[in-house]
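Step one of this worksheet: look at the structure below.
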Amino acid sequence: MDLKDALKIIGAGDDETFELMLKANQIKQKHKGNKIKLCAIVNAKSGKCSENCSFCAQSAHHQTNMPSYPLLSSKEIIKAAKAAEKNMGATCFSVVTSGKATKTKAELQTIGASLEIICRETKLNRCVSIGTLTKPELLELKAKGLKRLHHNLETAKSFFDQVCTTHTYEERLATIKAAKEIGLEVCSGGIFGLGESLEQRIELAFTLKELNVESVPINILNPIPGTPAAATYRPMRPLEVLRLIATYRFILPTADFGIFGGREKALGSLQPLMFLAGANVTLVGDYLTTKGQAPEKDLQMIKDLGLEIDNETCPDRIGAVSKMRGNREVHSQVFEH
Ligand code: SF4
């Protein structure tokens with residue numbers, strides 16, 4: 001699929017949308033089958049971010065009512081992971097912190113220690129979304145059981161300076177490339193409805209394709225009062241969102257992707273159709289700064305569509321491998337693929 005074809009799909013009329021969805025769904029069926037993956041997150045450190053991303057309630061540049069708190073303890077992070085696995089059916093769990101980077105060594109150690117125990121005591125795939133990371137930091141976390149890095153590009157390069165001016169697109173790309181270089185899976189996507197053009201929505205998809213990311217979270221702006229993005233908010237219509245999903249499936253046929261934040265508000269009564277437009281992943285439970293619908297409702301929606309929850313769990317757990325080899329010292333090597 002080239003840029004011209006992608007533009008035709010994303011810019012199609014409402015009356016063509018269901019036909020496009022049908023084709024996108026066929027691509028999804030071919031590569032992903034009937035299964036839906038569920039991810040969950042914990043907002044492990046909230047607010048007071050030095051960056052000025054226009055949509056973000058956690059930025060210290062904007063006046064929002066977002067609560068701020070320091071990094072949760074390892075015990076709290078692990079408790080959230082276990083609840084996500086037991087109560088929500090999640091198979092992937094991400095530790096998310098506000099801020100451009102995880103600043104202190106102690107914070108990185110707390111996150112690493114949490115990953116190690118999540119790895120040993122659950123079957124979850126471990127992910128972090130903790131801002132800019134260097135290769136040595138990523139290696140340190142990988143040795144503790146990290147499988148996947150989540151680091152959104154947020155939007156197209158050509159639109160990024162309209163969204164954030166306190167750091168560059170290149171910085172975001174560098175973290176993703178470093179993760180790829182050491183063999184981590186990468187989950188990277190963006191947020192839509194910020195005023196970007198259709199071309200820019202596609203530009204982001206092609207950048208993600210070039211980076212060969214494994215998973216693509218699509219977020220639709222849920223405007224938070226006090227943020228600049230809320231002041232210029234123009235809601236995307238549900239059919240526009242479905243065309244966006246279908247277009248991403250055409251461009252990224254083998255990637256995991258789905259609508260994460262904002263799906264209830266953006267899709268309204270058409271929400272179940274996201275899984276028939278090409279999505280094969282979603283986030284269960286609460287989002288970072290807004291409430292999600294009850295997990296039971298998500299599970300019912302998937303069942304009603306005749307789809308199945310993907311229960312595939314992470315095969316390379318530290319505890320499992322360690323037990324097998326009967327040697328505690330192999331822990332740091334298990335993730336060097
Ligand atoms: S999106 Fe991340 S980097 Fe940007 S303001 Fe929010 S917490 Fe900070």
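The values are calculated or read from the model by the stated rules, or taken from the named source; none is laboratory data. Predicted model, so just to flag it, every value in this text is computed and none were measured. Ideal geometry is used to build each Cβ from the backbone, glycine not excepted, and the neighbour counts take in all protein chains shown.
Across region 189-198, what is the number of residues that are crowded, with 19+ Cβ neighbours inside 10 Å and outside any loop (DSSP other than H, G, I, E, B)?
Here is the first cut: in region 189-198, the residues crowded, with 19+ Cβ neighbours inside 10 Å are 189-194, 196.
Now narrow it down to the ones that are outside any loop (DSSP other than H, G, I, E, B): 190-192.
The number of residues fulfilling the criteria is 3.
Of Val213, Val186, which residue is within 24 Å of Cys92 (Cα to Cα), part of a strand (DSSP E or B) and at pLDDT 95 or above? If you could, list the steps in order and put the result at the bottom.
Details: Val213 fails: part of a strand (DSSP E or B).
That would be Val186, the only listed residue that is within 24 Å of Cys92 (Cα to Cα), part of a strand (DSSP E or B) and at pLDDT 95 or above.
Failed condition for Leu173, given (1) assigned to a strand (DSSP E or B); (2) without any contact (Cβ under 8 Å) to a residue 60 or more places away in the chain, with all others met?
The number of the failed condition is (1).
Going through region 47-103 one residue at a time, which ones are closer than 24 Å to Leu133 by Cα and among the aliphatic types (A, V, I, L, M)?
Ala57, Ala60, Leu71, Leu72, Ile77, Ile78, Ala80, Ala81, Val95, Val96, Ala101
Only one of Asn222, Asn212 is under 19 Å from the mean Cα position of the chain (by Cα) and buried (at least 19 other Cβ atoms within 10 Å of the Cβ); which?
On the way: Asn212 fails: buried (at least 19 other Cβ atoms within 10 Å of the Cβ).
Answer to the selection: Asn222.
Got a number for residues in region 44-65 being surrounded by fewer than 22 Cβ atoms within 10 Å (Cβ to Cβ) and on the phi < 0 side of the Ramachandran plot?
Going through region 44-65, the residues surrounded by fewer than 22 Cβ atoms within 10 Å (Cβ to Cβ) turn out to be 46-48, 50-52, 60-65.
Remaining after also requiring on the phi < 0 side of the Ramachandran plot: 46, 50-52, 60-65.
Residues flagged as surrounded by fewer than 22 Cβ atoms within 10 Å (Cβ to Cβ) and on the phi < 0 side of the Ramachandran plot within region 44-65 amount to 10.
Restricting to region 54-100, name every residue that is within 14 Å of the ligand (Cβ to nearest atom), of a type outside the set (Gly, Ala, Ser) and closer than 14 Å to Gly226 by Cβ.
Within region 54-100, Phe55, Cys56, Gln58, His61, His62, Gln63, Thr64, Met66, Pro67 qualify.
What number of residues in region 101-124 are within 16 Å of the ligand (Cβ to nearest atom) and in contact (Cβ under 8 Å) with a residue 12 or more places away in the chain? I'd like the intermediate steps shown before the answer.
If we filter region 101-124 for residues that are within 16 Å of the ligand (Cβ to nearest atom), which is where we start, we get 101-103, 107, 111.
Pick out the ones that are also in contact (Cβ under 8 Å) with a residue 12 or more places away in the chain and you get 101-102, 107, 111.
Summing the residues that are within 16 Å of the ligand (Cβ to nearest atom) and in contact (Cβ under 8 Å) with a residue 12 or more places away in the chain in region 101-124 gives 4.
Just for helices (runs of 4 or more DSSP H) wholly inside region 220-337: which have at least 2 residues that are modelled with pLDDT of 65 or more? Please lay out each step first, then the result.
Details: elements: 228-231, 238-251, 263-267, 295-304, 318-325.
Those helices (runs of 4 or more DSSP H) span 228-231, 238-251, 263-267, 295-304.
Out of region 106-144, which residues are part of a helix (DSSP H, G or I) and of a type in the set (Gly, Ala, Ser)?
Within region 106-144, the subset part of a helix (DSSP H, G or I) is 106-121, 135-143.
Across region 106-144, the qualifying residues are Ala106, Gly112, Ala113, Ser114, Ala143.
Give all pairs with beta carbons closer than 8 Å in which a residue from region 20-41 that is under 23 Å from Val128 (Cα atoms) meets a residue that is of a type in the set (Asp, Glu) and assigned to a strand (DSSP E or B); count only pairs at least 6 apart in sequence or on separate chains.
Ile36/Glu308; Lys37/Asp256
Quick test for you: out of Leu198, Leu211, pick the one residue that is without any contact (Cβ under 8 Å) to a residue 40 or more places away in the chain and not hydroxyl-bearing (Ser, Thr, Tyr).
Leu211
Listed residues Lys177, Lys157; which is under 17 Å from the mean Cα position of the chain (by Cα), of a type in the set (D, E, K, R) and more than 13 Å from the ligand (Cβ to nearest atom)? Break it down into steps so the answer makes sense when it comes.
On the way: Lys157 fails: under 17 Å from the mean Cα position of the chain (by Cα).
Being under 17 Å from the mean Cα position of the chain (by Cα), of a type in the set (D, E, K, R) and more than 13 Å from the ligand (Cβ to nearest atom) holds for just one of Lys177, Lys157, which is Lys177.
Out of the residues in region 36-53 meeting the condition of being in a strand (DSSP E or B), out of contact with any Lys or Arg (no Cβ under 8 Å at 6 or more places or on another chain) and not aliphatic (A, V, I, L, M), tell me which one is farthest from the ligand (Cβ to nearest atom).
Taking region 36-53 and keeping what is in a strand (DSSP E or B), we get 36-46, 49.
If we keep only those that are out of contact with any Lys or Arg (no Cβ under 8 Å at 6 or more places or on another chain) as well, we get 36-46.
Filter again for not aliphatic (A, V, I, L, M), leaving 37, 39, 43, 45-46.
Numbers: Lys37: 23, Cys39: 18, Asn43: 10, Lys45: 9, Ser46: 9 Å.
Checking each candidate, the answer is Lys37.
Taking the stated definitions as given, is Ile130 in contact with a strand residue (DSSP E or B) (Cβ under 7 Å, 6 or more places away or on another chain) and within 16 Å of the ligand (Cβ to nearest atom)?
Yes: the conditions hold for Ile130.
Across region 66-81, what is the number of residues that are out of contact with any Asp or Glu (no Cβ under 7 Å at 6 or more places or on another chain) and either surrounded by 16 or more Cβ atoms within 10 Å (Cβ to Cβ) or under 21 Å from Val163 (Cβ atoms) (or both)?
Step one: of region 66-81, the residues out of contact with any Asp or Glu (no Cβ under 7 Å at 6 or more places or on another chain) are 66-70, 72-81.
Still in the list and also either surrounded by 16 or more Cβ atoms within 10 Å (Cβ to Cβ) or under 21 Å from Val163 (Cβ atoms) (or both): 66, 72, 74, 77-78, 80-81.
The total comes to 7.
Return the residues of region 145-168 that are without any contact (Cβ under 8 Å) to a residue 40 or more places away in the chain and in a loop (DSSP other than H, G, I, E, B); say none if nothing qualifies. Outline the logic, then answer.
Pass one, region 145-168, residues without any contact (Cβ under 8 Å) to a residue 40 or more places away in the chain: 149, 151, 160-161, 168.
Hits for region 145-168 are His151, Thr168.
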